[in-house]
Each structure stands twice: as structure tokens, then as C-alpha cells.
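Here's the structure, in C-alpha cells; my notes come after.
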Amino acid sequence: MSLQMVRFSAAVDSAAEPPDCLTRVLAALCSAPTTGLARTAYASESGTDFILALELAEPTTNPLLTLTGAQRLRDAISRAASGPLAPTPEPFTIVGSYTS
């Protein structure tokens, strides 16, 4: 299993673009024949801080590498992210989980 996360802050004037692109990418994922994939997106109450998480059962089968619209999402994140470098996915390890 692979868990990748991207965290970034966006300027107020460009914060609307990433969620809009993300909605389209998630809709495309829902209609694509994918298995073993969990994608979660979080936005702060202010709407300017974001965390995107991608969990893959098989890291070699990432549909976001070829999915239509995924490149537009990456470009939108790069444009919106404040800071000198575009955010990149970081590997994470799940150390605990609870669901009731």
C-alpha cells in the first residue's frame, strides 16, 4: 500500500481553481475502472489551505498519471500554491486508524 499526500496554501484570489479541478478529476475517477484507490481532499475553513491524499493498494497502478484532467489539477495546484516551489507528493505511513 502507498499513501501520498500533497499539502499547500493558496493565495485567496487563486484558491477556487484547485477544488474546481479536483471535482472534475474525482468525477472522472468515479467513472473510470479503478480498484484499490482512495482519494481524499481537505480544505481549511478559510478555503486557502489544502491537503490531498491518495492511497493506492498497488503503487504501480496510479490512474492519476494518465487520467484526463489530472495534469490540469497539478497545473492548478502549482499556480495556486504560495511559495517558491510547487508542492510535491510526500509518502506517508498510516500509524493508526479508527472508524466507528
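Quick notes on this structure:
- Residue pairs meeting the criteria (Cβ under 6 Å; at least 6 apart or on separate chains; first under 13 Å from residue 15 (Cβ atoms), in the stretch 35-50; second small (Gly, Ala, Ser) and not in a loop (DSSP other than H, G, I, E, B)): 48/9; 48/10; 49/9; 50/43
- Looking across 85, 73, one residue alone is of a type in the set (A, V, I, L, M) and either assigned to a strand (DSSP E or B) or touching a residue at least 24 places away in the same chain (Cβ under 8 Å) (or both). It is 73.
- Some residue of the stretch 54-62 being within 17 Å of residue 7 (Cα to Cα) and not acidic (Asp, Glu): yes
- Per the conditions (1) closer than 25 Å to residue 93 by Cα; (2) touching a Cys at 6+ places or on another chain (Cβ under 8 Å); (3) surrounded by fewer than 16 Cβ atoms within 10 Å (Cβ to Cβ), the sole criterion not satisfied by residue 72 is (1).
- Among the residues making up the stretch 1-20, those that are within 11 Å of residue 47 (Cβ to Cβ) and assigned to a strand (DSSP E or B) are 9, 10.
- Residues located in the stretch 40-70, provided they are outside any helix (DSSP H, G or I), of a type in the set (A, V, I, L, M) and either at pLDDT 85 or above or over 14 Å from residue 24 (Cα atoms) (or both): 41, 43, 51, 52, 53, 54, 56, 57
- In the stretch 1-27, the residues that are hydrophobic (A, V, I, L, M, F, W, C) and surrounded by 16 or more Cβ atoms within 10 Å (Cβ to Cβ): 3, 5, 6, 8, 10, 15, 21, 22, 25
The values are calculated or read from the model by the stated rules, or taken from the named source; none is laboratory data. Note that the structure is a prediction, hence the values are computed from the model and not measured. Cβ: placed from backbone, ideal geometry, glycine included. Neighbour counts: every protein chain shown.
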